[in-house]
1. Of all residues in region 379-403, which are farther than 22 Å from residue 180 by Cβ and surrounded by 15 or more Cβ atoms within 10 Å (Cβ to Cβ)?
2. I need the full set of residues from region 111-121 which are touching a strand residue (DSSP E or B) at 6+ places or on another chain (Cβ under 6 Å) and farther than 14 Å from residue 90 by Cα, in order please.
3. How many residues are touching a helix residue (DSSP H, G or I) at 6+ places or on another chain (Cβ under 7 Å) and part of a helix (DSSP H, G or I) if we restrict to region 388-403?
4. Give the residue, chosen from 167, 183, that is on the phi < 0 side of the Ramachandran plot and outside the structural domain of residue 26 (by TED's automatic domain parsing).
5. Give all pairs with beta carbons closer than 7 Å in which a residue from region 369-387 that is assigned by TED's automatic domain parsing to the domain that holds residue 346 and part of a loop (DSSP other than H, G, I, E, B) meets a residue that is at pLDDT below 95 and surrounded by fewer than 14 Cβ atoms within 10 Å (Cβ to Cβ); count only pairs at least 6 apart in sequence or on separate chains.
6. Just to verify a result, which residue in region 225-250, among those that are surrounded by 24 or more Cβ atoms within 10 Å (Cβ to Cβ) and over 21 Å from residue 177 (Cβ atoms), is farthest from the chain's Cα centre (by Cα)?
7. Quick one: which of 266, 253 is in contact (Cβ under 8 Å) with a residue 40 or more places away in the chain and buried (at least 19 other Cβ atoms within 10 Å of the Cβ)?
8. Working only within region 101-117, note down all residues that are more than 16 Å from residue 64 (Cα to Cα) and buried (at least 22 other Cβ atoms within 10 Å of the Cβ).
């Protein structure tokens, strides 16, 4: 992830240069040490002072500028960065790099870089589709350079087509991906998240307090590690992670159908959703009016999705369940692990501060089928997700003979 990483941004001369302010601001907020370099053309669109204010660091524009200690600027920058991002990447800078031309600070920095380099193209649709530009992009990809493909839409020149700078969220995802070990490439991960809603009438429903944050963190972190991720989500207020395939459902029955549809193709299934155990026997077509002193609503059991997945689980699959408890956590967790045929069970006591519903942190204990238990301290849910994924990858490799 970005925190603590040195990220150098190379800004070139396109109208999309103004959008880099949002990117730089997001990186700084995430804890990155951001350094900005600009071409002279970029300075025609936005001033270096803007980025000096955002980053708290000097913005470099001159190839012949010297470091305070007399060092060569582009070499110093190249050697001290974890990732170099060229945004917006014009046809000019792409062509220069593809043909080994280094005649300004940004192009020279690219040549001197030993870290990953990520290009974020933005240009007129006809320029982007030009065979020369496409040939240069293909050449750079073959050499190991990374690209965030531009988006389609209305361009600054008034035309419509592919050439818009990709959404900042997509660029941030790619930046995080380049800074994250790609140890899940080729794997398909199915994640469930959030609550379900069981309607009583057109106005009311039964639900629970799950926010979906833990499941969304798992989907996000698996995608960052290179997996294809399918997220089956109950109703939440969260933005679906990029570039996760998200299936929105409402009831437990809908979640059951979606999960079973995708389960057979998943290498790893993580059931983090808080699925309603019961639903009303019947749903009133009209709003239930207040009449008697007491109201009795007969309920019936919903399908046990996790148990069904446990029965269907293939030898090459890893199945992870979650348990949110208020007491006797160990006993309930061990029973669920065994009865549902799980490989791992992640349990938390939702009465603890920092581990309850709608928190950005969690405190979990991880129960394994071999009888081992590991308690994790309170940490951010993205970090908890990373810890869970690390253990599931090890299990998956063991199941598959170390592959």
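1. Within region 379-403, just 399 meets the criteria.
2. Residues satisfying the conditions are 113, 115, 116, 117.
3. Of the residues in that region, 2 qualify.
4. 183
5. Every condition considered, the pairs that remain are 378/354.
6. Per the criteria, the residue is 234.
7. From the options 266, 253, the qualifying one is 266.
8. Matches in region 101-117: 117 only.
The values are calculated or read from the model by the stated rules, or taken from the named source; none is laboratory data. In this text, all values refer to a predicted model and were calculated from it rather than measured experimentally. Glycine gets a Cβ as well: all are built from the backbone with ideal geometry, and neighbour counts include every protein chain shown.
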